[in-house]
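Below you'll find the structure, written out as structure tokens, and then a few comments.
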Amino acid sequence: MLYFVGQVFPYIAAGVFLAGMAWRVWTWLRVPTPFPLTLSPASRTLTERAITFGKELALFRGLWAGDRGLWLAAWLMHVSLAMVIGGHIVGIATLGNEFTAIGLTSEHSQALSGVMATVSGLILLVALLVLLYRRTAIPEVKRLSDPADYFDLLLILSVVVSGMHMRLTSIEVDIAAIRTYMAGIMSFQPIPIPNEGIFISHFFLVNLLLIYFPFSKLVHLAGSIVNRAMLIAPPPVYPSATNMRSNSIQSNVQMWRGGNQQ
Amino acid sequence: MKPPMHVAKDSEVALIGYPRIPEQDQQAAFLKKLDDLRVSMRSLMVMLENCTKCGNCAKQCHSYLGTEDYNNFPAARAELMRRIYKRYFTWTGRTFGRFFGAEDFDADTISKWLTYFYQCNECRRCAKFCPFGIDTAEVTIAARHILSEIGIMPKFMQGIAVNMNKTGNNMGIPKPAIIDCAEFMEDEMREETGLAIKIPIDKPNSEVLYIPSSADFFTNIDTMIGAAKLFHYLGVNWTIPSTVLEAANFGLLFNVNVMREQNQRLKAAATALGAKLVIQGECGHGWRAAKMYTDGCSGPVSFELVHILDYCDKHLDKLPLKKLPLRATLHDPCNYARAGEIIEQPRRIMRACVEEFVEMTPNRDENYCCGGGSGILMDEMMEIRMKLGKKKAEQVKALGRIDYLAMPCSICKAQIPAVMKHYGVLDLPMGGVMDLVGKAMLLGDTK
């Protein structure tokens, strides 16, 4: 069983996640966009488009304009999640010594690394709880929610709680052993998983989340980019020398009466 | 559930080429049409698959704020389609059903769609506030298309399609009456200015094709007069085609095939004339249909396509305008401000035409819809229409005394006067932006 959880399941999870996300994005991109959906005012230049894109994707401009409370919870949740994921990668790889690169001593780096991880984790935990509370407290949102909407939050919460459990309680988790284990996974030479119940649970839940991710609304990680790209497309210009959209996609449009011919 | 509008009868839908599918076959036909659309419109597929149900759109939708009906909250409205889509076109919905919010097509589905997708004004304000940019207008366009493809549509839409087929305009004005109307307006202008300002219909060898809204020949003649004076002053060789005396394109509002046919009609008229420039009159969704859909429906095209406000704005410095003593405001038609790149042009024109220009709040691309958008002008829906217009009335009231409300769109011009009356804003002159240009322009005797 531990062999499966530690040396087989991670590959299944990573494979399903990568293939699943690629498949979802492919199912969208293969569908034509017969008409531009430019949301006015349109960005004129590439730089302007990049700024609009960045504002929406990185700063959640739409939420900021609509509901500051939701913006705060959602933005903090996503940013702290990004911090936590980034922290896992560099923190485990360097055993908390990542800040020696900017001149800190090893002890200071490990201390700073630990503080940042704890703070990010706590923000993530609280933000997720706020989002969960919101889902039950706002009547329209409650009525709109399906079991999956709660399941998503609870699954991520379970990952966060098991992670924070290792961080905040006195359980000694041997990060060096985990690094060795992760290095084995990454180099396709898996070794047995460190036999620490709470770590195994945490790692298993992460793998479950990866498998679930592409088939749930969490796919908005990619969808938000594909959707936004349609809205910032440049508007058409006339006269048009050739049908700007005919080359690749017009022929696939299934909605016209009497076939696809012009 | 009984839809709030008169639904076109079997014989009526057959008349425009969309016969009603018998009830026992409706589900299959309905799902087939949904399947066709999901593989033809990336927007639909992405927007149905990515909502995280945060609820941010609820407070931004004038339809929900006005009616307070849960199904008019944008995410809930889209959910009417999303649940069926998940059930039949996603493996998670097919396998896990209710857990992922999948729902069977049932006896209520069609009437629910008819009821609520015809209370969305396709204004795109939700897309402005959605963190992903999910645009409920896309879902509404798709839903209405599916319904009409199986022969289910409001009588109002069917009637307009009949008029369009018969006369080339929504009002059903035949050519002799068009010429009469044009002569009447020419007489009006002669009386006012002493000049022979023409409104040429089907004049051969014209360089510019002007496509007014048919209502400009009927109820909003000041808009037409403003455009005619502009062309006269600039010495433009222009004409109006009797075959497409209609900037509006109601196809966009109920059936994408009908939209394409009308769009091709526009191209045919421009090509027949050899026009280098096509100018669209004051019509919101019609401008969106022309600007955003011409390439996909009728491309490539050899003419330039501009909006009358864009054209007027470009020549503003040359015009002999005398500011009218008015405190005026502008209602941004949704399809200009969120789908048509017409935002600053009407403002510059109005500042040149009136002494005081004031903004309502919110404005520009965050403006609220008038409540008539997407062709919700049915008399029998008056009560709902007034609820849809509630936000607009509040916006106008907040401005205090104003002398003119500009709304450069024929649907706004049909809806807003009724809304203002309903909410007790009386004696407020309203009309287009070109109306102001016509009145402020010093020509002939008015100099």
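Every number here is computed from the coordinates shown, using simple stated rules; none is lab data. Quick caveat: nothing in here was measured; it's all calculated off a predicted structure. A quick note on method: Cβ atoms are made from the backbone with ideal geometry, for glycine too, and the neighbour counts reach across all protein chains shown.
B:Leu305's amide H: which non-local residues (gap 5+, or another chain) put their own amide H closer than 5 Å, with H modeled 1.01 Å from N in plane and none for Pro or chain starts?
Correct list: A:Tyr238, B:Val278.
Count charges around B:Pro176 for me, please; just the other residues with Cβ under 13 Å from its Cβ, Lys/Arg as +1, Asp/Glu as -1. Before the final figure, lay out each step's value.
Numbers: positive: B:Lys175; negative: B:Asp180, B:Glu183, B:Asp202.
Residues close to B:Pro176 contribute a combined charge of -2.
Suppose R0 equals 41 Å; then what is the FRET efficiency for A:Val8 and A:Leu72 from their Cβ-Cβ distance, rounded to the nearest 0.05? It would help to have the intermediate numbers written out before the result.
On the way: r = 41 Å, r/R0 = 0.99.
E(calc), rounded to 0.05, equals 0.50.
Which one, B:Thr223, B:Thr361, B:Thr92, has the greatest fluctuation when you compute a Gaussian network model over chain B with C-alpha springs under 10 angstrom?
The residue that fluctuates most here is B:Thr92.
What are the lysines whose alpha-carbon lies under 22 Å from the alpha-carbon of B:Lys322, with same-chain residues fewer than 8 places away excluded?
Reachable lysines: B:Lys229, B:Lys314, B:Lys439, B:Lys447.
How compact and how long is the stretch A:1-160, expressed as Rg and Dmax of its alpha-carbon atoms in Å?
Looking at the stretch A:1-160, its Cα Rg and Dmax stand at 20.2, 59 Å.
Label the stretch B:278-341 by shape, choosing from rounded, prolate and oblate, from the square roots a ≥ b ≥ c of the eigenvalues of the Cα gyration tensor; if a/c is under 1.5 it is rounded, and otherwise prolate applies when a/b is larger than b/c, oblate when it is not.
Working: a/c = 3.90, a/b = 1.68, b/c = 2.31.
Note, shape of the stretch B:278-341 comes out oblate.
With each run of n ≥ 4 DSSP H residues scored as -39500 (n - 2.57), what mean residue ellipticity at 222 nm is computed for chain A after dividing by its residue count and rounding to the nearest 500 deg cm²/dmol? Let's see the in-between values first.
On the way: 10 runs with 168 residues, N = 262.
After summing the helix terms and dividing by residue count, I get -21500 deg cm²/dmol.
Say the dipole of chain B comes from +1 at the beta carbon of Lys and Arg and -1 at that of Asp and Glu; which of B:Pro22, B:Cys54, B:Phe184 then lies farthest toward its positive end?
The Cα lying farthest towards the positive end belongs to B:Cys54.
From Cα coordinates alone, what are the radius of gyration and Dmax values for the stretch B:274-410 in angstrom?
When restricted to the Cα atoms of the stretch B:274-410, Rg and Dmax are 16.4, 49 Å.
I need the Kirkwood Rh of the protein assembly as shown: take the reciprocal of the average 1/r across all distinct C-alpha pairs and report it in angstrom. Write out the running numbers ahead of the final one.
On the way: mean 1/r = 0.0360 Å⁻¹.
Kirkwood hydrodynamic radius for the protein assembly as shown: 27.8 Å.
Using 0.36 nm times the number of residues separating B:Leu442 and B:Gln24, minus their current alpha carbon distance, what extension gain do you get?
144.0 nm
At a Förster distance of 35 Å, what's the computed FRET efficiency of B:Lys421 paired with B:Val162, Cβ-Cβ distance as r, to 0.05? Before the final figure, lay out the partial values.
Values: r = 30 Å, r/R0 = 0.84.
Step by step, r from the Cβ atoms, then E = 0.75.
Report the residue, chosen from B:Met189, B:Met292, B:Met81, that carries the largest GNM mean-square fluctuation when chain B is represented by alpha-carbon nodes joined by springs under 10 Å.
Evaluated over chain B, the most mobile residue of the options is B:Met292.
If you count, for every residue in B:270-276, the Cβ atoms of partner chains within 10 Å of its Cβ, what is the mean?
Working: counts 0, 0, 0, 0, 0, 0, 1.
The shielding value for this peptide is 0.
Can you tell me which of B:Lys203, B:Lys390, B:Lys267 moves the most in a GNM of chain B? Springs connect C-alpha atoms under 10 Å apart.
B:Lys203
Straight-line reach only, C-alpha to C-alpha below 26 angstrom: list the lysines that A:Lys55 could link to, leaving out same-chain residues fewer than 8 apart.
A:Lys217, B:Lys53, B:Lys59, B:Lys128
Rounded, prolate or oblate, given the Cα gyration tensor of the stretch A:80-144, with a/c below 1.5 counting as rounded? If you can, show how the numbers build up before the last one.
Values: a/c = 5.42, a/b = 3.64, b/c = 1.49.
Prolate, since a/c reaches 1.5 and a/b exceeds b/c.
Label point 7 Å out from B:Lys175 along Cα-to-Cβ: which residues of the stretch B:210-243 have amide N under 15 Å?
Only B:240-243 fall inside the zone, counting backbone N under 15 Å.
Can you give me the distance in nm between label points at A:Ser106 and B:Met1, each placed 7 Å from the Cα along the Cα-to-Cβ direction?
Rounded to a tenth, the inter-label distance reads 6.7 nm.
Quick check: pseudo-label points 7 Å beyond the Cα along Cα→Cβ at B:Thr92 and A:Arg30, how many nm apart are they?
Calculated label separation equals 1.9 nm.
Working only with C-alpha atoms, what are the Rg and Dmax values of chain B, expressed in angstrom?
That works out to 22.1, 77 Å for Rg and Dmax.
Quick one: if you stick a label point 7 Å off each Cα along the C-beta vector at B:Lys203 and B:Glu366, how many nm between them?
4.5
Which of B:Met382, B:Met5 comes first, and how do the rest follow, when ranked by fewest Cβ neighbours within 10 Å? Please report the intermediate quantities before stating the final value.
Details: B:Met382 13, B:Met5 21.
Going from sparsest to densest Cβ surroundings: B:Met382, B:Met5.
Quick one: grab the alpha carbon gyration tensor of the stretch B:1-102, order the square roots of its eigenvalues as a ≥ b ≥ c, and give me rounded if a/c is under 1.5, else prolate or oblate depending on whether a/b is larger than b/c. Each step should come with its number before you reach the end.
Values: a/c = 2.04, a/b = 1.22, b/c = 1.67.
The shape class here is oblate.
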